[in-house]
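Undergrad: Here you go, one structure.
The values are calculated or read from the model by the stated rules, or taken from the named source; none is laboratory data. These numbers were taken from a predicted model, which means no experiment stands behind them. Here Cβ is always computed from backbone atoms with ideal geometry, including for glycine, and neighbour counts include all displayed protein chains.
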Amino acid sequence: MSDWTILCDFDGTAAVEDTTDTLLESFGRPGWEALEEAWRAGRIGSRECMAGQVALLDMDRAELDAHLAARRLDPDFPEFVRAMHAQGIHVEILSDGLDYAIHAILARHGLDWLPIAANGLEAIGERRWRLTFPHASRGCEVGSGNCKCARAARVRTTSQRVLLIGDGASDFCVAAAADFVFAKGKLIAHCLANHIPHAPIANFADALRLMPELVSGRLPGAQPSVPEVVSYA
């Protein structure tokens, strides 16, 4: 078994698109854009933002399922997960997105066995929805629906090292709590600005290629794993 645990964001990372954004663009009633603007400006946290936005979704379950059926994973993500599993490296999805959407998309690829921590999507009518927050933390400084930092702290209690794979603002806080980061998108600039050990990636083909270098300690800022994992082919 490896001493690394991988905490992987979903929307924009494992999945090509941000699923919540695509749902709002397709089914959101007026007002969701204003909530998005308030969140980006730092006036509200992601928990308040997403709860308000999900309350504005106008869709039935058939429309939801049809929409999710068209969402795509990074084409190399399934291979990455299988390779990590074969090497005894634990992978889990850690998302501030929607659990129902994540399960549905992963299930199409036979990956719904992955542990998932995300916000709960619940129907409260034929076309009305609400969000629950089973992984929120009362002490979360940024008001996230899913406190990724709390999960990283729990992993560390088992003496595991944490690799974060992420892309955006929901990963900024936890990036500082990880031992190393594979960063996409806005997370790259955040890691650079805050001197967080990281490697930029464009996709999971890059992540798969870099894993042996991470585990062996050859990446700048990484410490070697014991025992070393030699191959991820």
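Undergrad: Return the residue satisfying two criteria in turn: it lies in region 115-157 and is among the aliphatic types (A, V, I, L, M) and part of a loop (DSSP other than H, G, I, E, B), and of such residues it is nearest to the chain's Cα centre (by Cα).
TA: Among them, the one singled out is ALA136.
Undergrad: While we're on this one: Considering only helices (runs of 4 or more DSSP H) fully contained in region 159-233, which possess at least 3 residues that are at pLDDT 95 or above and surrounded by fewer than 18 Cβ atoms within 10 Å (Cβ to Cβ)?
TA: Working: elements: 172-175, 186-193, 204-216.
Correct list: 186-193, 204-216.
Undergrad: While we're looking at this one, here's another question. Look through ASP112, ASP96 and report the one residue that is closer than 28 Å to ALA202 by Cβ, part of a loop (DSSP other than H, G, I, E, B) and at pLDDT below 95.
TA: On the way: ASP96 fails: part of a loop (DSSP other than H, G, I, E, B).
Just one listed residue meets the conditions, ASP112.
Undergrad: Next question, about the same structure. Could you list, ordered by first residue, the pairs with Cβ atoms under 7 Å in which the first is in region 105-116 and farther than 14 Å from ALA15 by Cβ and the second is assigned to a loop (DSSP other than H, G, I, E, B) and of a type in the set (D, E, K, R), at least 6 apart or interchain?
TA: Filtered contacts from region 105-116: no entries.
Undergrad: Taking region 118-134 as the region of interest, how many residues are at pLDDT below 95 and touching a Lys or Arg at 6+ places or on another chain (Cβ under 7 Å)?
TA: 1
Undergrad: Across region 4-44, what is the total count of residues that are crowded, with 23+ Cβ neighbours inside 10 Å and charged (D, E, K, R)?
TA: So the count comes out to 2.
Undergrad: Quick check: anything in region 191-201 more than 17 Å from LEU219 (Cα to Cα) and more than 16 Å from the chain's Cα centre (by Cα)? Write out each step before concluding.
TA: Our first condition is that a residue be more than 17 Å from LEU219 (Cα to Cα); within region 191-201, this holds for 193-194.
Cutting the leftovers down to more than 16 Å from the chain's Cα centre (by Cα) gives us 193-194.
Taking every residue of region 191-201 in turn, at least one turns out to be more than 17 Å from LEU219 (Cα to Cα) and more than 16 Å from the chain's Cα centre (by Cα).
Undergrad: Okay, moving on. Being out of contact with any Pro (no Cβ under 7 Å at 6 or more places or on another chain) and without any contact (Cβ under 8 Å) to a residue 24 or more places away in the chain narrows it down to one residue among ALA175, ALA153; which is it?
TA: From the options ALA175, ALA153, the qualifying one is ALA175.
Undergrad: Given the conditions (1) surrounded by 15 or more Cβ atoms within 10 Å (Cβ to Cβ); (2) out of contact with any helix residue (DSSP H, G or I) (no Cβ under 8 Å at 6 or more places or on another chain); (3) of a type in the set (Val, Ile, Thr), which single one is not true for ILE116?
TA: (2)
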